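Q: To start, I am sharing the structure in question, which I have written as structure tokens.
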């Protein structure tokens, strides 16, 4: 990293205490750190940086404060959240037959971690070692990141769980974010796992201890005892309450970063229909993999040719901003299941089941409302035969042996409206070869960005996705699980040929909402999170990922922000 200071140089003196989560339009003090975005990265940074009492920290979040919203706090309700996860329109994807899958992002204090399905895993240790090598930041290596994971999370066992699940508790500390296994089962988890084990030979693992391959019954960011969502706003936000040097302003959308030469000096944001300008010594953009590059480009930081074509004055020609967009694209099948499987359709549409579910939750936080609707999955590598002769599989074969290529999963949340009790199961690429991009539609901040997903954008990606989808179908037809399935409703049993299956996949392929990489450290950023060629501006969020995680990424965002806060504070101490 180029620093030679002791960590003791920045160990914080905790400030005394009243978190200003407010709707006041104007910060009340000079700003040392201005954080743009109140998701897991932004709130971790706000809490960690404000531990230094002499530094004034302001966080601006475009969305509302939803800490009291039951759709956020009650785990099973996350499919009902719509207003706080707007779906960004994407361009028609030729790889999907012209279908435009869209990419949703969190729009509230807590960000994506306040509206997601709460799946908690970390994935393969080798990925983090590659991140460290690619970025030049040794703190991103697995051994270092494991310490960050421990600092930001803790594991607790729920009181009502009556089944066995392997959890490696050694990978947790006593951090704010609580992780637990489900307090109950939908009835599909173990049959699905047994069918996977029989077909693929995989065993149950805890994919939070550096293991990347195996069956995971689904750890979640849910408080074990009261079965409410554990997310950035009610963990790191609560911890920071009362610090006079921290102000959080929600419903404040930043529209431009201002520069003097190549130094960032402040921002403009919209609040209540008015434009507000503030100055800051340091700006940290934590707006996510779509909005971070969008804001940088609106501010003149990005590919020169594209910015000039829109009449935007170029502050810094950085072609990596908006490039390298990757996600975990997944293609679904939907299946009608027997009444033994407790699905969202049952407790949401069946009056008797709905009453029971609400009574259980109200009585002692038990029952399906305290779950995240079934989230068991398996991550694994593909055999060489997955790629037909002549298809380049170099990308996949070059990945370390602990790195899964794909993931299969189920949930009881229906994607296609149905009059029956259904589940979905899906096949997803974890380490896709092809990348998409984010760019600007116009120089007007009110216009949505241009997003090219490029899902399954290489022949290797396409072959891997098709093989995995077909293998998932075989698994679901095995006797271990097939007795719970009434019928395959999509794509349907008559869809047999590779061409027909591929066409069906294209019409039901989605973003996992795991977009990353559009301002990657080591590419758009230097090793200490600074935007290359500029001063006073850093990026810390999922856009900084060099390439995707090997499973659901929310846990990694927390840890990455914790690591970055140390880098930032250490760097500031070394300046003195």
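The values are calculated or read from the model by the stated rules, or taken from the named source; none is laboratory data. Remember, it's a predicted structure, so these values are computed and weren't measured experimentally. Positions of Cβ are generated from backbone atoms using ideal geometry, with glycine treated the same way; all protein chains shown enter the neighbour counts.
Q: Looking only at the stretch 101-144, which residues are part of a helix (DSSP H, G or I), in contact with a helix residue (DSSP H, G or I) (Cβ under 7 Å, 6 or more places away or on another chain) and free of Cβ contacts under 8 Å to residues at least 40 places away in the same chain?
A: Scanning the stretch 101-144 gives 128, 129, 132.
Q: Let me ask something additional. Within the stretch 51-67, can you find the residues that are part of a loop (DSSP other than H, G, I, E, B) and within 24 Å of the chain's Cα centre (by Cα)? Break it down into steps so the answer makes sense when it comes.
A: The first filter runs over the stretch 51-67 and keeps only residues part of a loop (DSSP other than H, G, I, E, B), leaving 51-56, 61-67.
Listed by number, the residues that qualify are 61, 62, 63, 64, 65, 66, 67.
Q: Is it true that some residue in the stretch 189-201 is in a loop (DSSP other than H, G, I, E, B), in the same structural domain as residue 364 (by TED's automatic domain parsing) and in contact with a strand residue (DSSP E or B) (Cβ under 7 Å, 6 or more places away or on another chain)?
A: no
Q: Oh, and also: Which one of these does residue 347 not meet: (1) in contact with a helix residue (DSSP H, G or I) (Cβ under 8 Å, 6 or more places away or on another chain); (2) under 30 Å from residue 374 (Cα atoms); (3) in a strand (DSSP E or B)?
A: Every condition holds for residue 347 apart from (3).
Q: Residue 513 - would you say it is within 23 Å of residue 210 (Cα to Cα) and either outside the structural domain of residue 425 (by TED's automatic domain parsing) or touching a strand residue (DSSP E or B) at 6+ places or on another chain (Cβ under 6 Å) (or both)?
A: So residue 513 passes the test.
Q: crowded, with 24+ Cβ neighbours inside 10 Å and touching a helix residue (DSSP H, G or I) at 6+ places or on another chain (Cβ under 7 Å): is that true of residue 559 in this structure? Talk me through it step by step, then tell me what you get.
A: On the way: crowded, with 24+ Cβ neighbours inside 10 Å: yes; touching a helix residue (DSSP H, G or I) at 6+ places or on another chain (Cβ under 7 Å): yes.
Yes: the conditions hold for residue 559.
Q: Another question about this same structure. Residue 506: at pLDDT 95 or above, more than 22 Å from the chain's Cα centre (by Cα) and within 21 Å of residue 90 (Cβ to Cβ), yes or no? Spell out the reasoning first.
A: Numbers: at pLDDT 95 or above: yes; more than 22 Å from the chain's Cα centre (by Cα): yes; within 21 Å of residue 90 (Cβ to Cβ): yes.
So residue 506 passes the test.
Q: Sticking with this one: All but one of (1) touching a helix residue (DSSP H, G or I) at 6+ places or on another chain (Cβ under 9 Å); (2) in the same structural domain as residue 287 (by TED's automatic domain parsing) hold for residue 27, so report the exception by its number.
A: Of (1) touching a helix residue (DSSP H, G or I) at 6+ places or on another chain (Cβ under 9 Å); (2) in the same structural domain as residue 287 (by TED's automatic domain parsing), only one is false for residue 27: (1).
Residues checked against (1) in contact (Cβ under 8 Å) with a residue 40 or more places away in the chain; (2) more than 29 Å from the chain's Cα centre (by Cα); (3) farther than 30 Å from residue 50 by Cα; (4) not assigned by TED's automatic domain parsing to the domain that holds residue 492:
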site	(1), (2), (3), (4)
274	yes, yes, no, yes
286	yes, no, no, yes
293	yes, no, no, yes
312	yes, yes, yes, yes
338	yes, yes, yes, no
344	yes, no, yes, no
347	yes, no, yes, no
359	no, yes, yes, no
369	yes, no, yes, no
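Q: It is to be established whether one or more residues within the stretch 392-407 are modelled with pLDDT of 95 or more, closer than 24 Å to residue 484 by Cα, in contact with a strand residue (DSSP E or B) (Cβ under 9 Å, 6 or more places away or on another chain) and not assigned by TED's automatic domain parsing to the domain that holds residue 297. Full working, then the answer.
A: Just the residues of the stretch 392-407 that are modelled with pLDDT of 95 or more, to begin with: 392-407.
Filter again for closer than 24 Å to residue 484 by Cα, leaving 407.
Subsequent filtering for residues that are in contact with a strand residue (DSSP E or B) (Cβ under 9 Å, 6 or more places away or on another chain) retains 407.
Next, only the ones that are not assigned by TED's automatic domain parsing to the domain that holds residue 297 stay: 407.
Yes, the stretch 392-407 has at least one match.
Q: Among the numbered criteria (1) in the same structural domain as residue 62 (by TED's automatic domain parsing); (2) within 25 Å of the chain's Cα centre (by Cα); (3) modelled with pLDDT of 95 or more, which one does residue 224 miss?
A: Here residue 224 clears every test but (1).
Residue by residue, here is whether (1) part of a loop (DSSP other than H, G, I, E, B); (2) surrounded by fewer than 19 Cβ atoms within 10 Å (Cβ to Cβ) holds:
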| site | (1), (2) |
| --- | --- |
| 385 | no, yes |
| 407 | no, no |
| 418 | yes, yes |
| 442 | yes, yes |
| 448 | yes, yes |
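Q: Can you report the number of residues in the stretch 233-246 which are in a strand (DSSP E or B) and surrounded by fewer than 24 Cβ atoms within 10 Å (Cβ to Cβ)?
A: First, pick out the residues of the stretch 233-246 that are in a strand (DSSP E or B): 246.
After this cut, where a residue has to be surrounded by fewer than 24 Cβ atoms within 10 Å (Cβ to Cβ) as well, the list is none.
Number of matching residues: 0.
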